Amino acid sequence: MDVKIHPSWKEHLESEFGKNYFKELTAFIREEYEKKKVYPPPANIFRAFDLCPFEKVKVVILGQDPYHGPGQANGLCFAVKDGVAFPPSLLNIFKELRDDLGIEIPASGDLGCWAKQGVLLLNATLTVEARRAGSHQSKGWEEFTDAVIRALSEGKEHLVFILWGRYAQEKGKVIDTSKHLVIKSAHPSPLSAYGGFFGSKPFSKANEYLEWNGVPAIFWGCS
């Protein structure tokens with residue numbers, strides 16, 4: 001099966017592509033795109049991996065589903081296409097970035113510049129039907145993204161995993177905390193942001209850890 005994903009990731013995930021769950025997932029996704037409106041566009045399903053090759057990963061931010069509104073999802077968790085209004089969670093992320101590092105809220109919510117510096121913006125589920133949140137959950141994507149997290153945890157050292165909310169923290173239980181920094185807080189959603197997300201300073205904490213381990217920091221103000 002030819003999966004169009006960056007070659008560096010193929011090397012680490014090749015065994016997943018031959019498993020029954022992935023074959024079933026591929027068949028399901030193909031049919032969904034043929035019959036329904038699905039996000040993100042097919043070329044962007046693996047955009048997070050294309051912009052951030054395995055060997056360049058420094059930070060992992062874990063989301064759940066792509067946005068399911070028109071023109072929003074771009075293949076990077078929490079991000080939206082240029083010119084699209086910021087969803088509440090993304091706006092809160094930018095507010096925390098401003099309070100943490102003094103970086104003003106940017107014009108674009110694309111976040112591609114974070115990805116190109118080594119921030120893997122990974123959704124647990126990589127596709128979704130339009131206007132149907134969670135519609136592609138439990139179809140196989142979660143097993144695949146678990147394998148991604150496991151490959152990073154086992155194959156690299158001194159990564160930063162930023163886990164916002166209970167779902168991400170449950171999914172992150174496979175991370176080897178003796179080798180990596182795990183930053184946990186409430187989710188940036190308006191429903192929970194005031195319960196521990198605001199004031200958590202994930203961006204400065206990530207950079208401090210990277211620099212302590214001789215890894216260049218992320219310039220979070222580029223988006």
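The values are calculated or read from the model by the stated rules, or taken from the named source; none is laboratory data. Please read all numbers here as calculations on a predicted model, not as lab measurements. So basically every Cβ, Gly included, is an ideal-geometry build from the backbone, and we count neighbours across all protein chains shown. Ligands, DNA and RNA are excluded from the accessible area calculation, which covers all protein heavy atoms including side chains. Shrake-Rupley method; radii C 1.70, N 1.55, O 1.52, S 1.80 Å.
Quick notes on this structure:
- For the pair Asp176 and Lys4 in one chain, pulling the backbone fully straight at 0.36 nm per residue adds 59.1 nm over the alpha carbon distance.
- Model label sites at Ser15 and Asp82, defined 7 Å from Cα along the beta-carbon direction, differ in position by 4.1 nm.
- The order of Ser8, Ser138 by accessible area, most exposed first and with a 1.4 Å probe, is Ser138, Ser8.
- Cα-based reach from Lys139 at 26 Å (exclusive), listing lysines while leaving out same-chain residues under 8 positions away: Lys4, Lys10, Lys19, Lys23, Lys35, Lys36, Lys37, Lys81, Lys171, Lys173
- Base-10 log of normalised Debye intensity for the chain (one unit scatterer per alpha-carbon) at q = 0.15 Å⁻¹: -0.98
- Cysteine residues of the chain whose C-beta has no other cysteine C-beta under 4.7 angstrom: Cys52, Cys77.
- Heavy-atom accessible surface of His68, to the nearest 10 Å², is about 60 Å², with a 1.4 Å probe and all protein chains retained.
- Rolling a 1.4 angstrom probe over the protein heavy atoms with all chains in place gives the chain an accessible area of 46 Å² per residue.
- At R0 = 35 Å, FRET efficiency that the Cβ-Cβ distance of Arg166 and Lys35 yields, to 0.05: 0.60
- GNM on the chain, alpha-carbon springs under 10 angstrom: the most fluctuating residue among Lys179, Lys36, Lys23 is Lys36.
- With the charge dipole of the stretch 2-104 set up from +1 on Lys and Arg Cβ and -1 on Asp and Glu Cβ about the Cα centre, the Cα lying farthest toward the positive end among the listed residues Leu51, Val3, Leu62 is that of Val3.
- Ellipsoid semi-axes for the stretch 12-80, based on the Cα gyration tensor and the rule √(5λ), read 21, 20, 9 Å when sorted largest first.
- The GNM of the chain, with springs linking C-alpha atoms under 10 angstrom apart, assigns the highest mean-square fluctuation among Pro66, Pro188, Pro106 to Pro106.
- Percent accessible area from carbon and sulfur atoms, the stretch 116-156, protein chains only, probe 1.4 Å: 36
- Residues considered: Gly118, Gly18, Gly165. Largest GNM mean-square fluctuation over the chain, using C-alpha springs under 10 Å, is found at Gly18.
- Calculated [222 nm] ellipticity per residue, helices only, for the chain: -11000 deg cm²/dmol; basis is -39500 (n - 2.57) per DSSP H run with n ≥ 4, divided by all residues, nearest 500.
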